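Asks: Below you will find the structure I want to go over with you.
The values are calculated or read from the model by the stated rules, or taken from the named source; none is laboratory data. As the structure is a prediction and not an experimental result, all values here were calculated from the model. Every residue, glycine as well, gets a Cβ built from its backbone with ideal geometry; the counts of neighbours run over all protein chains shown.
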Ligand SMILES: [Ca+2]
Ligand SMILES: [Ca+2]
């Protein structure tokens, strides 16, 4: 598999070189090189793709209902009266409300009745009809299980030589939708929801109440929220935060290196949004809920170091992408570690990069930053660029140095860069920043949208040159 892909990349470079100047090797190959076209249809890859594609949890008996109308009364639960009628209609039919996301407008995770023998898809369609007849403005999506995209091994020395950043005056927030951050390791770098933090200070700070005005409907969401447990991140069952802490560590290392020795640095804040359990499993429902939280609570960049494979475009996380786009929020997504061409076998949210201008999808570079890492996903239409992804220095959940690899760690490198640019120009649109970053990629002749990479070598130039 590795060799096949390597051959493909080499031939892509060669043919591209021979092609008419200015014609993108990637896209040229896509139309003219039959090997490439066949690559997508190759039986073994189709099989592999099928095994990667997430299956609906609980035999597809779960579905998501989301509403386009919001409740303007902040003291009430997120569902307005009509929404509640719709939900009640479904519950009356034996459907169960498993979870409610208090985003505004809200979404609910539902389950079809036990042992009714009806195909869940038909049942969902029936429920949709029910909702439409009752006048509710609702949409449905199946819930999918998603997995952390991670490969942690290999040894490397700490990367210390990062370029420095010039002047800085503002803060910027990176929302880390992941398995949780060990906030003790990021004492002065966490995003703080001040009304929850100060009401009152001390042990009673975790008072079990929503102290936001107006209510954001989340209780004790001091540094973010645990969407798995639907609880404060300090609650019982708080995870061991291994993956999320390492991801946050890369964002910090990348970002902090810019501001060393500067008297008035940008402040990067990390928002801790936990959507994976200790086994690295999470649901699309929780991921979307966390995405809406990030958008509603002021994130500038959303980092997604995870993927789920799906044969159809998912309409739920797409709502997150669309809402983020309307608020100029950049979503940086890892491409995945399965040596797959995601143009053919689509991994989300990464693959949204081919449609939405606020999504940056990141492949991993090898340790010399000379080529894609052997494990990395790629895609001429779906993966924007490559960033360091092997022998990456970060910290583990105990705060010790850790060396990691995976597209999971290439993504936060780019998140920190996107954050630095956003801090430099608060008014820059997400599209402007994403386009600019893409335009600065150094050619690598890799099968990526920009065909290029960003690493420590061109980081300083990129920041200096913006806007
Ligand atoms: Ca709150
Ligand atoms: Ca509280």
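Asks: Any idea which residue in segment 174-206 is modelled with the highest pLDDT, counting only those that are assigned to a strand (DSSP E or B) and within 16 Å of ligand 1 (Cβ to nearest atom)?
Replies: Among them, the one singled out is 175.
Asks: Confirm whether residue 403 is outside any loop (DSSP other than H, G, I, E, B) and within 22 Å of the chain's Cα centre (by Cα).
Replies: So residue 403 passes the test.
Asks: Are any residues in segment 295-337 in contact with a helix residue (DSSP H, G or I) (Cβ under 6 Å, 6 or more places away or on another chain) and part of a helix (DSSP H, G or I), and if so, which ones?
Replies: Hits for segment 295-337 are 295, 316, 317, 320, 321, 323, 324.
Asks: Which of the residues that make up segment 242-257 are at pLDDT below 85 and buried (at least 24 other Cβ atoms within 10 Å of the Cβ)?
Replies: If the condition is that a residue be at pLDDT below 85 and buried (at least 24 other Cβ atoms within 10 Å of the Cβ), then 255 is the only one that fits.
Asks: Can you name every residue in segment 207-228 that is free of Cβ contacts under 8 Å to residues at least 24 places away in the same chain and more than 8 Å from ligand 2 (Cβ to nearest atom)?
Replies: 212, 213
Asks: Would you call residue 447 surrounded by 22 or more Cβ atoms within 10 Å (Cβ to Cβ), touching a residue at least 12 places away in the same chain (Cβ under 8 Å) and farther than 29 Å from residue 327 by Cα?
Replies: So residue 447 passes the test.
Asks: Here is a further query. Can you go through 386, 411, 363 and tell me which one is buried (at least 24 other Cβ atoms within 10 Å of the Cβ) and closer than 24 Å to residue 286 by Cα?
Replies: Criteria check complete, one pass: 411.
Asks: Conditions first: (1) part of a helix (DSSP H, G or I); (2) in contact with a strand residue (DSSP E or B) (Cβ under 6 Å, 6 or more places away or on another chain). Residue 446 passes all but one, so which condition is the exception?
Replies: (1)
Residue by residue, here is whether (1) touching a strand residue (DSSP E or B) at 6+ places or on another chain (Cβ under 7 Å); (2) in a strand (DSSP E or B) holds:
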{"position": "339", "(1), (2)": "no, no"}
{"position": "345", "(1), (2)": "yes, no"}
{"position": "369", "(1), (2)": "yes, no"}
{"position": "376", "(1), (2)": "yes, no"}
{"position": "387", "(1), (2)": "yes, yes"}
{"position": "393", "(1), (2)": "yes, yes"}
{"position": "398", "(1), (2)": "no, no"}
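Asks: While we're here: Just to verify a result, which residue in segment 207-230, among those that are in contact with a helix residue (DSSP H, G or I) (Cβ under 9 Å, 6 or more places away or on another chain) and not in a loop (DSSP other than H, G, I, E, B), is farthest from ligand 1 (Cβ to nearest atom)?
Replies: 224
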